[in-house]
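Worksheet: one structure, shown below.
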Amino acid sequence: MTSPVIELKNASKDFEQGGRAIPALAPTGLNVANHEFVALVGPSGCGKSTVLNMVAGLFPPSGGQVLYEGELVADLNRRVGYMTQKDTLLPWRTTAANIAAPLELACRAMPRSERDDRVARMIELVGLKGFENHYPGELSGGMRKRAALARMLVYDPDTLLMDEPFGALDAQLKLVMHEELQRIVGDGRKTVLFVTHDLGEAIALADRVVVFTSRPGRVKKVREIELERPRNVYRVRFETAFGDLHEELWNELKDEVRKGTDA
Amino acid sequence: MSGTTTDEVSMTGESAAPGETLCKLLLHPAGTNAARALVVIMMLAFWEFGSGRFLPHVWLSSPSVIGVKLWSWIADGSLGMHLVATLSAAGFGYALGALSGVASGLVLGLLPRVERVASPFVVALYALPKVALAPFFVIFLGIGLESKVALVAVTVYFLLLYNTLDGVRDLDRDLTDAFRLMGATRSEVARHVLLPGIQPWIYSGLRIAVRYAFTAAVLGELIASNQGIGYLIESSAGHYNSSGVFAGVFVLVVCSVISTELITRAERAALRWQR
Ligand SMILES: Nc1ncnc2c1ncn2[C@@H]1O[C@H](COP(=O)(O)OP(=O)(O)OP(=O)(O)O)[C@@H](O)[C@H]1O
Ligand SMILES: [Mg+2]
């Protein structure tokens, strides 16, 4: 058996607040295998973004270990593409220039024509045609998310960390984006760790869904999604297996969500 | 074209009260400008008419005499010569102070340990009224251009240093992290995130510094010099020549307004994304 790409070994995180350590993530074990698509769901504030931040190497865990391809994540992890919950588009760059940014770096030197080609294709893919020359301040929330998605996909990283990438999109556009994402990662070419609030989205896209408890989060349930691939992300929702999975996972999730709002 | 719009405004105003009509006229851009011109003309007329009657001419001179004075300076070339002196003092000092201020701000902003050591000294020097240094510069650099350039540079330096430092501190860590995750080197982060990110701060520093640069240059000239607009004002005052003083002040106002406007335009062009 090959070793997992992403591995959390009892990784936990406390945040300092007013001199006190507040636990955000309880010791958590989690594996993501090569070319696997894992979705994290859980109540708000349970530490989902914290998990992604640690995998990206933005900060170390307070306890336990976070490994990437068997090595301790010690510094920023440049082998992952990370689409953060809050977009990090540069406000002084237009949509096209923002998407081109990763391709302008020395580590990916390429001729200008190829860069322009790839950016144009990405803009088409995320449906931002006509907005190439708009600044982020002139885009809607959903459009900014799509621009951030394009900026991550344009340089084709092997592993994708995605934090509620489609949260700000309407239901129809979400389905379109699901299909595109599925096409890009679906034929098992990428490893994906995906955070969402939308249980249906998690089931439709993922190979495994991980349910977290309310804060401080820990893994409550891991569920294999046996729906066959390739999947039609739209039609799969009408299969009985989908409904059963939704029901089962929602039962796990709802108590936690309720606890989360009580606290 | 503006004539028709004015007509329209007055036509719609006919049915309304006269006060309301005036309001509408003033709100129109052309109306605003006309009103401003009117204010200036009225003030000048009052000044001209009152001068020698109920305003003491010796102290307050009069617009026409000031105009004649200004013209005589232009005609004999002295205005050009003194203007060049003041503009070079302000300009060179501004450039020198701005460049070194931004550079120091970057160093202090990016190296927190250096900043912690340097901070009390920087604060003390910043708090010091720079004019107090003028005699010192005269002793070391003489009464020529160099001492004025130094005074301007020191004044501008601290403004830009603090603005740059604030800009670096205000920089969104998430943006730099995102770039480093994409594989950017330190210098690429600096070029693509840091430098554009602090631009708004630098421009606002540059805009404010224009006024201070002129103030410092003229102060330096007032204190000890043999050329420059400040010298012109000082020597006119020494001869109780109030028209010379006013003419000098007028030239300074024009210079300051023009250079501030130029910076503001450059700022607007560079920071288009902010709107
Ligand atoms: N930098 C920080 N400093 C202090 N506390 C933090 C910090 N980042 C996160 N936290 C806390 O850690 C907990 C987990 O945060 P996290 O962002 O991982 O939640 P999440 O599961 O992503 O929530 P959501 O679904 O709302 O995005 C939260 O209670 C939050 O208040
Ligand atoms: Mg989150």
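Here A:Val66, A:Val73, A:Val55, A:Val80 are screened, and the one residue that is buried (at least 20 other Cβ atoms within 10 Å of the Cβ), away from chain B (no Cβ under 14 Å) and among the hydrophobic types (A, V, I, L, M, F, W, C) is A:Val66. Within the range A:60-90, track down each residue that is of a type outside the set (D, E, K, R) and within 16 Å of ligand 2 (Cβ to nearest atom). A:Tyr82, A:Met83, A:Thr84, A:Gln85, A:Thr88, listed by residue number. Note on the range B:154-192: residues that are of a type in the set (A, V, I, L, M, F, W, C), under 21 Å from the mean Cα position of the chain (by Cα) and open to solvent by less than 10 Å² (accessible area, probe 1.4 Å) total 3.
A quick yes/no check of all residues on (1) touching a strand residue (DSSP E or B) at 6+ places or on another chain (Cβ under 9 Å); (2) touching a residue at least 24 places away in the same chain (Cβ under 8 Å):
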| site | (1), (2) |
| --- | --- |
| B:Gly50 | no, no |
| B:Leu55 | no, no |
| B:Ser61 | yes, yes |
| B:Leu79 | no, yes |
| B:Ala90 | no, yes |
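Looking only at the range A:198-214, filter to residues that are away from ligand 2 (no atom under 16 Å from the Cβ) and not in a helix (DSSP H, G or I); which one of those is surrounded by the most Cβ atoms within 10 Å (Cβ to Cβ)? So, considering only residues that are away from ligand 2 (no atom under 16 Å from the Cβ) and not in a helix (DSSP H, G or I), the one surrounded by the most Cβ atoms within 10 Å (Cβ to Cβ) is A:Val209.
Residue count for the range B:177-207 under the criterion of being touching a residue at least 40 places away in the same chain (Cβ under 8 Å) and small (Gly, Ala, Ser): the result is 2.
This table checks each residue for (1) farther than 21 Å from A:Leu76 by Cα; (2) open to solvent by less than 10 Å² (accessible area, probe 1.4 Å).
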{"site": "A:Phe15", "(1), (2)": "no, no"}
{"site": "A:Arg20", "(1), (2)": "yes, no"}
{"site": "A:Thr28", "(1), (2)": "no, yes"}
{"site": "A:Gly45", "(1), (2)": "yes, no"}
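Confirm whether B:Arg169 is of a type in the set (D, E, K, R), within 13 Å of chain A (Cβ to nearest Cβ) and in a helix (DSSP H, G or I). No: the conditions fail for B:Arg169.
Restricting the search to helices (runs of 4 or more DSSP H) fully inside the range A:34-138 and requiring at least 2 residues that are over 30 Å from B:Arg275 (Cα atoms) and without any contact (Cβ under 8 Å) to a residue 12 or more places away in the chain gives A:112-125.
Would you be able to say whether some residue in the range A:189-197 is within 20 Å of A:Ala150 (Cβ to Cβ), touching a residue at least 24 places away in the same chain (Cβ under 8 Å), exposed (fewer than 15 other Cβ atoms within 10 Å of the Cβ) and in the same structural domain as A:Leu25 (by TED's automatic domain parsing)? Among the residues of the range A:189-197, at least one is within 20 Å of A:Ala150 (Cβ to Cβ), touching a residue at least 24 places away in the same chain (Cβ under 8 Å), exposed (fewer than 15 other Cβ atoms within 10 Å of the Cβ) and in the same structural domain as A:Leu25 (by TED's automatic domain parsing), which makes the answer yes. Considering the range A:221-251, the residues that are within 24 Å of A:Ala33 (Cα to Cα) and either touching a residue at least 40 places away in the same chain (Cβ under 8 Å) or aromatic (Phe, Trp, Tyr) (or both) include one that is surrounded by the fewest Cβ atoms within 10 Å (Cβ to Cβ), namely A:Pro230.
The values are calculated or read from the model by the stated rules, or taken from the named source; none is laboratory data. Small disclaimer: the values here were computed from a predicted structure and weren't measured. Note: ideal-geometry Cβ built from the backbone for every residue, glycine included; neighbour counts use all protein chains shown. In case anyone asks, the SASA skips ligands and DNA or RNA and just uses the protein heavy atoms, side chains included. Shrake-Rupley method; radii C 1.70, N 1.55, O 1.52, S 1.80 Å.
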